[in-house]
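Quick notes on the structure that follows.
The values are calculated or read from the model by the stated rules, or taken from the named source; none is laboratory data. Being a predicted model, the structure only gives us computed values, none of them experimental. Note: ideal-geometry Cβ built from the backbone for every residue, glycine included; neighbour counts use all protein chains shown.
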Ligand SMILES: Nc1ncnc2c1ncn2[C@@H]1O[C@H](COP(=O)(O)OP(=O)(O)OP(=O)(O)O)[C@@H](O)[C@H]1O
Ligand SMILES: [Mg+2]
C-alpha cells in the first residue's frame, strides 16, 4: 500500500468524529511547541516514575566528559536503573512509523528484551498481520488458534488467553498472524472502534511494567487503535535520504489522536536506526533529524548490522543471540535511556 492510500485511510478514521479538519495541530515538541516530555504527567498514575528529564540530566553535567555522541550532542551516561520491587501498572508504548522497514519490529523485540533483562516485566503486542514480531520471538503464530485477532474481533476472549511466554525471562508476547489483516475492515462498523485494543489490554496492565506495541506500516485503524491504547510513541527512523518523508503526517496523526481520542499520548522519542558511522550520509541524516526534533531524538542510535536479521532468523532477541555485540549494547542503552527519560519504570 502506498503512502497516499495510507493518508486517505488515516484521514478517514480521524476526521469522521470531528469534521473541523483543522490541520493546524501539527506542532511538534522539538520544533517550537511546548515539549510533551515523557514523565511530565503521571498519565497512568505511576508514582515511581521520575520526573527528571534527559535535558535536566544534561544541565546537571551528567555527560560522558562532554564527548559528542552520534547525534552530535554531548552524550549523557545512562546509569543502570535500580531493580523494581513491584510490578505494574504498565506504560504502553507504540512503535510507529507508516514507512516500512525502518526497524519498528526489531526495536519492539530488542528494546523489550533489554527492558526484560533489567527485571522489567514486558509484554510485546504483535499488531502487524505480517507477524514478524511473533516469528522473531520464536512463536509460530500461523499454527495458533487464538491470536490478537480473536481478542479484537470475537466476543468472550480475554487477553490472558492469547499471551505466550517467550524464551526470554520477563518477556511475553501476544502474537499475530495474517488473520489480523481482516480486522481493519471488520472493526470499521464497531462501536468505539478506535478503543478496542485499549479495552483488550486493560486486564493485563497491572502485571506488566511496559507494554510495547509493534505497529504495521500504515496509519489505518489498527495503528489508530495502537496509538489510542498507548501512553507514548517511539518513532524509529531509518538513516537514509527519505527518512523524514511522511513524518509530518505521522505527527499530525499523533496530534489528532491526542486531541480527540487519547490526551495522555506523548512522543517518547525518535530513534535513528540502521546508522552507519562510516558514511557522511548517515551522519548528515542524524544531524538533520536532530535539527528538526531536538531533544526528542534519543541519544542512543542503532547501527546497521547484519546481526539483527541474523537474530530474527534465529528467532531470538540480539541480547541473547549475540549478547556481547554492539547492537545488543545499543538496545540495552536505549532501555536505560528510556527509563532515564521517564518513558518506562
Ligand atoms: N539496525 C539494523 N541493521 C541492519 N538491519 C536491520 C536493522 N534493524 C532492522 N534491520 C532489518 O531490516 C529489516 C526491517 O526491519 P524491521 O522488520 O524491524 O522494520 P519494520 O519497520 O518493522 O518493518 P515493517 O514496516 O515491514 O513492519 C529486517 O530484515 C531487519 O532484520
Ligand atoms: Mg514490522
Of the criteria (1) within 16 Å of ligand 2 (Cβ to nearest atom); (2) under 23 Å from residue 194 (Cβ atoms); (3) in contact (Cβ under 8 Å) with a residue 60 or more places away in the chain, which one residue 132 fails: (2)
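Matching residues to (1) within 24 Å of residue 89 (Cα to Cα); (2) in a loop (DSSP other than H, G, I, E, B); (3) at pLDDT 95 or above:
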position: 124; (1), (2), (3): yes, no, yes
position: 129; (1), (2), (3): no, yes, yes
position: 133; (1), (2), (3): yes, no, yes
position: 139; (1), (2), (3): no, yes, yes
position: 142; (1), (2), (3): no, no, no
position: 146; (1), (2), (3): no, yes, yes
position: 152; (1), (2), (3): yes, no, yes
position: 155; (1), (2), (3): no, yes, no
position: 169; (1), (2), (3): yes, yes, yes
Just one listed residue, out of 240, 284, is under 15 Å from residue 103 (Cα atoms) and at pLDDT below 95, and it is 240
The conditions are (1) within 16 Å of ligand 1 (Cβ to nearest atom); (2) part of a loop (DSSP other than H, G, I, E, B); (3) touching a strand residue (DSSP E or B) at 6+ places or on another chain (Cβ under 7 Å), and residue 120 fails exactly one of them. Which is it? (1)
Among the residues listed as 233, 210, the single one being crowded, with 21+ Cβ neighbours inside 10 Å, under 30 Å from residue 150 (Cβ atoms) and within 16 Å of ligand 2 (Cβ to nearest atom): 233
Do we find that residue 101 is at positive phi, within 16 Å of ligand 1 (Cβ to nearest atom) and not in a helix (DSSP H, G or I) in this structure? yes
